[in-house]
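Some notes on the structure that comes next.
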Amino acid sequence: MSVFGSLFTAVSALNSQSQSLGMISNNIANVNTVGYKRRDAAFSSLVTSESRSTAYSPGSVRSVQNNRIDQQGILQQSQSSTDIAMSGNGFFVVQQGTDLGAEPLYTRAGSFSEDSTGVLKNTAGYTLMGWPLDQNGNRLPGVDDVSSLVPVDVAFLGGFTQPTSQMELALNLDAEEGERAFPITAGSTTDFSRSIRVYDSLGNGQDLTVNFRKHETPTAIVQGTVNLADIVGDLSTDPTIDPTDTFDITVGGVGPTTITLDGDLGKLVQDINTITDVNGNQVAFAEVNPAGQLVIKSRNLDAEITLADGAGTPLNDGLGLAGAVGTTLAVDSTTFNRLAEPVSTPNSEGWWDIEVLHPDGSTVLLQGAINFDGNGRLNAEDDPLTGEVLVDIDDINFTSGASLQDIDFNIANFTQFSGEYNVIYSEQNGAELGLRTGVSIDSEGFVSAQFSNGQSAKIYKLPVATFANANGLNELSGNVYRESDGSGEYNLREAGKGSAGVIESGTLEGSNVDLADEFSKMIVTQRAYSAGTKVITTADEMTAELLRLR
């Protein structure tokens with residue numbers, strides 16, 4: 001049995017060494033194939049078990065393929081901006097053709113270029129797949145699996161226009177600007193004005209004007225109708241005023257406080273101005289305006305004023321306040337729109353009215369108030385991630401045939417310091433019509449297009465597919481791989497995050513084949529094959545000797 005067993009063992013050795021040579025030859029043939037991953041032969045014995053130690057039955061040998069897919073190939077610089085390589089773990093996602101729903105495949109061969117329709121394909125004809133982005137370069141929600149990927153198409157037939165969806169001004173407003181009365185009257189002069197060009201959906205440039213007016217704190221106000229400036233001395237001595245007149249005033253929940261007309265105009269103003277809350281803060285402010293009329297204001301935003309009859313004879317028209325008795329007064333919400341809600345106690349010297357005008361110069365697209373704190377910073381809550389303070393300008397009709405447009409106005413970089421008005425910068429994300437001049441891919445996997453209008457746009461983001469066991473992938477023609485039970489399921493990641501590698505632009509990954517190593521293995525394989533043939537020759541001679549026995 002051992003002589004004939006030796007023949008079979010030697011044959012299995014020749015078969016295994018032949019497969020090893022086939023792998024070596026395939027590796028050598030693909031030494032210049034972009035992204036190629038070599039295979040090695042691993043040998044294992046097949047043993048025939050025997051129950052007796054005095055007899056031996058030879059077994060055989062088999063070769064097993066060892067994929068080296070997870071081994072990095074050398075990175076080589078390329079002259080094409082759409083050539084990409086993976087530095088680290090992961091694969092590019094590709095598919096055959098451009099039809100959605102085709103089988104996803106995975107490759108490290110990143111030699112991509114445009115076909116006749118503008119779709120990026122590699123030299124094997126496989127289509128590059130990516131996540132589509134919105135006009136702000138952000139991924140769409142709920143796109144985490146391969147079914148959400150689309151072919152990367154950079155054709156831009158007819159050019160590219162991008163309607164403005166966000167604009168921003170960074171400027172300083174002069175803190176020494178004089179305040180004007182509130183509310184702001186329509187058509188009043190502006191303290192500072194600045195225009196910013198945006199683009200509609202047709203690519204037309206549209207100039208919006210932003211006007212700024214500093215004003216008093218928007219508070220509840222009671223204003224008399226009688227000129228008191230001519231009254232000298234004690235108010236009670238004036239024939240138009242009943243000396244027993246009193247009135248009750250409640251401001252922002254403080255009160256009621258009874259005010260008695262038992263002195264001159266200055267005492268009346270002082271009595272009102274000394275009304276304080278439990279913390280000693282003044283809650284009301286009284287003054288006589290240039291027309292001689294008594295004006296009472298609440299000191300704090302949203303603090304209402306209520307006037308009521310006092311203990312004496314009901315208030316008559318001697319102060320011009322009779323019409324307000326029994327009435328609660330507050331800031332008129334129709335004249336006071338807070339563009340950004342203050343996050344701390346509003347600064348009474350930091351209120352500005354902002355007005356955004358349509359390009360026609362008369363239509364008001366947005367108007368409202370903002371407040372600056374005592375440090376000159378915008379008194380508003382910003383986005384904790386972006387630091388933006390966005391104000392919505394909705395349904396803009398540019399009357400150009402373009403679609404209605406919404407624009408987010410970022411006012412986070414407004415300041416109020418003493419000094420000249422100063423615009424630091426203005427920017428927006430729109431663009432007029434431009435023809436594509438180039439395409440590039442960065443290390444984060446963003447596919448960007450550049451245009452003749454000087455704009456660039458991020459249009460896709462390339463995912464990186466990772467596997468628990470990359471060496472378990474099934475290889476297909478064209479240097480691509482298919483998911484298998486041995487590899488585990490794919491996991492789509494963003495480049496450079498988690499275990500995903502970084503994408504290198506203008507670079508190609510070379511084959512991980514080492515020619516010196518392959519030639520060394522080929523010599524060893526050749527000798528092993530020769531030794532196997534020698535075993536067959538010897539076994540044949542021994543069998544012949546056996547047959548010659550008489």
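The values are calculated or read from the model by the stated rules, or taken from the named source; none is laboratory data. Remember, it's a predicted structure, so these values are computed and weren't measured experimentally. Quick reminder, even Gly has a Cβ in these numbers, built from the backbone with ideal geometry, and neighbours come from all protein chains shown. With ligands, DNA and RNA removed, areas are computed over all heavy atoms of the protein, side chains included. Shrake-Rupley method; radii C 1.70, N 1.55, O 1.52, S 1.80 Å.
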### Message
With viscosity set to 1.002 mPa s at 20 °C, what whole-number translational diffusion coefficient in µm²/s follows for the chain from Stokes-Einstein and a Kirkwood radius over Cα pairs?
### Response
68
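Explain nothing, just the number: dipole magnitude of the stretch 440-530 about its Cα centre with +1 on each Lys and Arg Cβ and -1 on each Asp and Glu Cβ, in debye rounded to the nearest 20.
The dipole of the stretch 440-530 has a size of about 100 debye.
GluC sites (Glu not before Pro) within the stretch 105-196: which are DSSP loop residues with at most 13 other Cβ atoms inside 10 Å?
Answer by residue number: Glu176.
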### Query
Rounded to the nearest 500 deg cm²/dmol, what is the calculated helix-only ellipticity per residue at 222 nm for the chain, with -39500 (n - 2.57) per DSSP H run of length n ≥ 4?
-4500 deg cm²/dmol
### Summary
Once Asp485 and Asp406 are pulled to full extension, the length gained, defined as 0.36 nm per residue separation minus their Cα-Cα distance, is 23.5 nm
### Task
Lys and Arg at +1, Asp and Glu at -1: add these up for the other residues within a Cβ distance under 11 Å of Pro346 and post the number.
-2
### Query
How much of the calculated P(r) for the stretch 1-124 lies past 22 Å, in percent of all Cα pairs?
57
### Summary
Under the 7 Å Cα-to-Cβ spin-label approximation, Leu100 and Thr363 lie apart by a distance in nanometres of 3.5
### Query
What GluC sites (Glu not before Pro) in the stretch 451-533 are in a loop by DSSP, with at most 12 other Cβ atoms within 10 Å of the Cβ?
Glu489
### Query
Shape of the stretch 245-353 from its Cα gyration tensor (a ≥ b ≥ c, root eigenvalues): rounded if a/c is under 1.5, otherwise prolate when a/b > b/c, or oblate?
prolate
### Full-extension gain in nm, Asn422 to Asn136, via 0.36 nm per residue minus C-alpha separation
100.2 nm
### Query
Dipole of the stretch 346-492, Cα-centred, from +1 at each Lys and Arg C-beta and -1 at each Asp and Glu C-beta, to the nearest 20 debye?
680
### Task
Work out how much length Asn227 to Asn66 would gain on full extension: take 0.36 nm times their residue separation and subtract the Cα-Cα distance, in nm to one decimal.
47.8 nm
### Message
Given the options Gln367, Val146, Thr250, identify the residue whose Cα lies farthest towards the positive end of the charge dipole of the chain (+1 on Cβ of Lys, Arg; -1 on Cβ of Asp, Glu).
### Response
Val146
### Summary
Between the Cα axis of helix 515-547 and the main Cα principal axis of the chain, the angle (0 to 90°, nearest 10) is 30
### Message
If packing is taken as the average number of other Cβ atoms within 10 Å across a peptide's residues, how do 92-105, 28-41 rank, most packed first?
### Response
28-41, 92-105
### Task
Determine the principal axes of the Cα atoms in the stretch 413-550, then give the extent along each, sorted from largest to smallest and rounded to whole angstroms.
123, 31, 29
## Note on the structure
By the Cα gyration tensor axes a ≥ b ≥ c (a/c under 1.5 gives rounded; else a/b larger than b/c gives prolate, otherwise oblate), the shape of the stretch 392-459 is oblate
### Query
To the nearest 0.05, how large is the calculated FRET efficiency for Ala516 and Phe43 if R₀ is 30 Å and r is the Cβ-Cβ distance?
0.90
### Query
Rounded to a whole number, what % of the accessible area of the chain do carbon and sulfur atoms account for, probe 1.4 Å?
48
### Task
Would you work out which of Asn289, Phe467, Ile441 lies farthest towards the positive end of the dipole of the chain? Charges go on Cβ: Lys and Arg +1, Asp and Glu -1.
Phe467
### Query
Which of the pairs Lys37/Lys461; Lys497/Lys521; Lys214/Lys458; Lys214/Lys297; Lys121/Lys521 have their Cα atoms more than 28 Å apart in this structure?
Lys497/Lys521; Lys214/Lys458; Lys121/Lys521
### Dipole moment magnitude, nearest 20 debye, the chain about Cα centre, only Lys, Arg, Asp, Glu C-beta charged
4980
### Summary
For the stretch 63-165, inverting the pair-averaged 1/r of distinct alpha-carbon atoms gives a Kirkwood value in Å of 15.7
### Summary
Within the under-14-Å Cβ sphere about Leu75, not counting Leu75, Lys/Arg +1 and Asp/Glu -1 give a net charge of -2
### Task
Give the relative contact order (percent, whole number) for the chain; include only Cα pairs under 8 Å separated by 6+ residues.
23
### Heavy-atom accessible area per residue - the chain, 1.4 Å, Å²
49
### Query
Taking only Cα atoms, what is the 0 to 90° angle, nearest 10, from helix 2-29's long axis to the longest principal axis of the chain?
40
### Environment charge at Thr33 (Cβ cut-off 11 Å; Lys +1, Arg +1, Asp -1, Glu -1)
+2
